[in-house]
Amino acid sequence: MNNKIKYIIIGFIICTIAVVVINADMLFSDDNGGVLIVGFDSEFPPYGFIDDNGEYTGFDLDLAQEVCNRNNWTLIKQPIDWDAKDTELNSGTIDCIWNGFTINGREDQYTWSDPYIDNKQVIVVKKGSGIESLSDLNGKVVETQRDSSALAALEEDQKPLADTFKELIQIADYNTAFMDLDSGACDAIAMDMGVAQYNINSKGNPDDYIILTESISSEQYAIGFMKGNSELRDKVQATLNEMIEDGTVAKIAEKYADYGVPGALVK
């Protein structure tokens, strides 16, 4: 092996080590100043979204910011592709998933915080559609977000209901779903109650939509950490408990009350 090739190989090894070190430094540690990287869906209002100023905001991000403030940590709000959330978490790109994240059915897949919100999955339709109950969805086109709790409910406990649909379509985000509902491309949307209320209230014509009284499922939201990362979970949980006890969580929830947050704070 000539010297040129040796230097190329050595250079490659050094670069590889450098990348590993940089990635390791991005992982949460009190030793590096406490940088907490929170993964969230930036199109999941009111838990995580982009406000009118182009800033990432939302109920869960406000909670995360307060947790970081109390621990002298720096919060990095990291928008992620929801379909890739497990890859992001397991690779260390993010420290946790904090974004209206449902614990039900995923209990053994992550190390979880205590649940902090009770929520339910509902159906949204256009006013005057003639759809007034779940049974009226027979033969209708229903949309829901990929890998969502609503989809899980319709594929599992509510599968007999979903089997009556003309079609159950999975979409990337609920902005698309509402555009499809408005255009008539779909007849109904299955989604979280809080997200439904936010989207409806943010419309110029909120009275044009109806949330059916019957829900399709209920769930609890919690913070998901990589399996086994109980150390970080415990630090965040301890601070969150303080925030619940001193009324800070309820105060932050009031900010988003008009948008359907919370479904009900877990006491």
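Taken together, Asn72, Asn90 contain a single residue that is surrounded by fewer than 16 Cβ atoms within 10 Å (Cβ to Cβ), out of contact with any Asp or Glu (no Cβ under 8 Å at 6 or more places or on another chain), under 24 Å from Asn241 (Cβ atoms) and assigned by TED's automatic domain parsing to the domain that holds Phe49, which is Asn72. Please verify whether Asp52 is assigned by TED's automatic domain parsing to the domain that holds Gly228, part of a loop (DSSP other than H, G, I, E, B) and not hydrophobic (A, V, I, L, M, F, W, C), treating the condition exactly as stated. Yes, satisfied. Taking the conditions (1) buried (at least 17 other Cβ atoms within 10 Å of the Cβ); (2) within 21 Å of Ala152 (Cβ to Cβ) in turn, Val249 satisfies each one other than (2).
Per the listing Asp136, Asp86, Asp118, the residue uniquely under 19 Å from the mean Cα position of the chain (by Cα) and at pLDDT 95 or above is Asp86. For the range 129-140, the criterion of a residue being charged (D, E, K, R), under 29 Å from Asp60 (Cα atoms) and not assigned by TED's automatic domain parsing to the domain that holds Thr248 is satisfied by no position. I'd like the full set of residues that are at pLDDT 95 or above, within 19 Å of the chain's Cα centre (by Cα) and of a type in the set (S, T, N, Q), limited to the range 146-175. Hit for the range 146-175 is Gln170, nothing else. Phe44: hydrophobic (A, V, I, L, M, F, W, C), at pLDDT 55 or above and touching a strand residue (DSSP E or B) at 6+ places or on another chain (Cβ under 8 Å), yes or no? Spelling it out, it is not the case that Phe44 is hydrophobic (A, V, I, L, M, F, W, C), at pLDDT 55 or above and touching a strand residue (DSSP E or B) at 6+ places or on another chain (Cβ under 8 Å).
Taking Val236 and the conditions (1) surrounded by fewer than 22 Cβ atoms within 10 Å (Cβ to Cβ); (2) modelled with pLDDT of 95 or more, which numbered condition does it fall short on, given that it satisfies the others? So Val236 meets the others, but not (1).
Kindly provide the set of residues from the range 55-69 that are in a helix (DSSP H, G or I) and either in contact (Cβ under 8 Å) with a residue 40 or more places away in the chain or loosely packed, with under 15 Cβ neighbours inside 10 Å (or both), ordered by number. Hits for the range 55-69 are Phe59, Asp60, Asp62, Leu63, Glu66, Val67, Asn69.
The values are calculated or read from the model by the stated rules, or taken from the named source; none is laboratory data. No experiment lies behind these values; they were computed from the predicted model shown. In this analysis, Cβ positions are derived from the backbone assuming ideal geometry, glycine residues included, and neighbour counts consider all displayed protein chains.
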